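K.L.:
For reference, the structure I am asking about is given below.
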Amino acid sequence: MRLAVFTSKYPARVATFFERDMRGLLDAGVELDIFPMYPLDALLWRYSLDLLNELLLPRNRVHHLGLWESVRRARPWRRSGFGVALSDAAAVTASAARFGLVPLAKTVYVLPKAWAWAAAHADRYDHILAYWGNYSATCAYAFHRLIGRPIPFSIWLHAGVDLYRTPVYMRQKLAYADSVITCCEFNRSYLAQHYADLSPPITERVHVCYHGLDLAHFPYQPEGRPPARVLAVGRLARHKGFDCLLRAARLLGDRGVSVEIEFVGDGDERRTLERLAAELQIAKHVTFRGWLKFDDVRRAMSAATVLVHPSDGLGDGLPNVLREAMALGTPVIASNVAGIPEALDDGRCGLLVPAKDVGGFADAIARVLGDPALRQTLALRGRQRTEQMFDMWRNGARLADHLRATRRLAGAERVSAASTASTPA
């Protein structure tokens, strides 16, 4: 099977789960090309894993295209697709405009890329996969509409950035898709609740595929941890709830429990979090390490007493850092939201706390730090959970089988932007 994969940014600082998914497909015999929305930033290759190397996926099969070059190359009329491209552009931009200027600009940005790529690559593939449901899926949709062949179209939905918030043209893309892949059972329920009116029924087309790990590169080492090092890993964004962790650390200090907080990652909220640490008078116990290569992230996880992921609501679907920490034998505490309870087996493999519950997180951290037997139990169960559910090779083979079995839905090609543009996004 020849697969065209449309994604947001690759290479990127946070793309390990994407690379693992692609590596699993390659190992299962899928031939693929990658079409990232963002132009190439060659400095970001340093954050990539060695899973997609030149022998497996040469860089000439990652098709970066700048805006002006895409405008110059966009020739939808050469494939008798001018009418389709024009109607798609009108419908998609009308949907995006409801969400504001930024979604509108991003939507307009990807359309000429879709048209340019369709002019050059449309005859090469057996299946189109949009790896994100937002602007990547819009680009993949516009590309697929110009192909003129009844090949399958699939969307992979993840979390807040492409499912829970700003669902530009989402209803139309879901109606058009032959398969909807998602990373957790929670998202299946979310889709069934919010898009129950789609025909054919959305529930019949949803396939859950958990992101996997190459477990050979995650040695299980629960011993030799420091007494009170609390690690948080991820983009420093508001929905991650890291302010809750800092407030919990201050509460623990007031109780006489001293902890060391270490953040790995960066983002818009860093200065806000640094100021909060200073206001709480715990700055000397808090370290911000910024973005690290994955080998260094893995070492930080292996040197932590516990990993805390205090998501403050619907933002993350099923955070990858939870799987990684569990595989390494690092106990996990996380918010009881979205797909997190699935990873933690409803609290059997890690402690679940209500979102934004500062006291609850303080209690959970104190409990884990003060109970070595509990840490050992959570570590062992976490590792077993990753082996059962998050093996990259097994999950990749299942996904490849699913994609190969997917067929273009009868009548799905008749669902166009024109017929659904009046439906609220």
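Every number here is computed from the coordinates shown, using simple stated rules; none is lab data. Note that the structure is a prediction, hence the values are computed from the model and not measured. Here Cβ is always computed from backbone atoms with ideal geometry, including for glycine, and neighbour counts include all displayed protein chains.
K.L.:
Can you give the convex hull volume per residue for the Cα atoms of the chain, as a whole number of Å³?
P.N.:
Hull volume normalised by residue count: 132 Å³.
K.L.:
Same structure, new question: Using a cut-off of 27 Å between alpha-carbon atoms, which lysines can reach K284, once sequence neighbours fewer than 8 places away in the same chain are excluded?
P.N.:
The qualifying lysines are K240, K293, K356.
K.L.:
Next question. Pick out which of G315, G396, G29 has the largest mean-square fluctuation in a Gaussian network model of the chain, springs linking Cα atoms closer than 10 Å.
P.N.:
Per the Cα network of the chain with a 10 Å cutoff, G29 tops the list.
K.L.:
Please work out whether segment 215-389 counts as rounded, prolate or oblate from its C-alpha gyration tensor, where a ≥ b ≥ c are the square roots of the eigenvalues and a/c under 1.5 means rounded, while otherwise a/b larger than b/c means prolate and anything else oblate?
P.N.:
It comes out rounded by the Cα gyration axes.
K.L.:
For a quick check of your reading of the filter: which trypsin sites (Lys or Arg not before Pro) in segment 92-168 sit in a DSSP loop and have no more than 16 other Cβ atoms within 10 Å?
P.N.:
Within segment 92-168, the qualifying trypsin sites (Lys or Arg not before Pro) (loop, at most 16 other Cβ atoms within 10 Å) are R98, R124, R165.
K.L.:
Please report, to one decimal in angstroms, the Kirkwood hydrodynamic radius of segment 29-125 built from all distinct Cα-Cα pairs.
P.N.:
One decimal place: 15.2 Å for the Kirkwood radius.
K.L.:
Between exposed GluC sites (Glu not before Pro) in the chain, where DSSP calls loop and at most 13 other Cβ atoms lie within 10 Å, what's the longest gap?
P.N.:
The longest uninterrupted stretch comes out as 224-425.
K.L.:
Turning to a different aspect of this structure: As I understand it, the value is the acute angle between the Cα axis of helix 270-279 and the longest principal axis of the Cα atoms of the chain; what does it come to in degrees, rounded to 10?
P.N.:
20
K.L.:
Bin width 5 Å, alpha-carbon pairs only: give the P(r) of segment 300-376 as whole percents, running from 0 to the bin holding the largest distance.
P.N.:
Going from the shortest bin to the longest, the percentages are 3, 18, 30, 27, 18, 5, 0.
K.L.:
Quick one: what Rg and Dmax do you get for segment 124-217 from the alpha carbons, in Å?
P.N.:
Expressed in Å, the Cα Rg and Dmax of segment 124-217 come to 13.5, 44.
K.L.:
Measuring from the lowest to the highest alpha carbon on each principal axis, how far does segment 77-132 reach, largest first, in angstroms?
P.N.:
35, 26, 14
K.L.:
For q = 0.16, 0.29 Å⁻¹, what log10 I(q)/I(0) does segment 192-235 give under the Debye formula with an equal point scatterer on each alpha carbon and no solvent?
P.N.:
Result of the Debye calculation: -0.73, -1.08.
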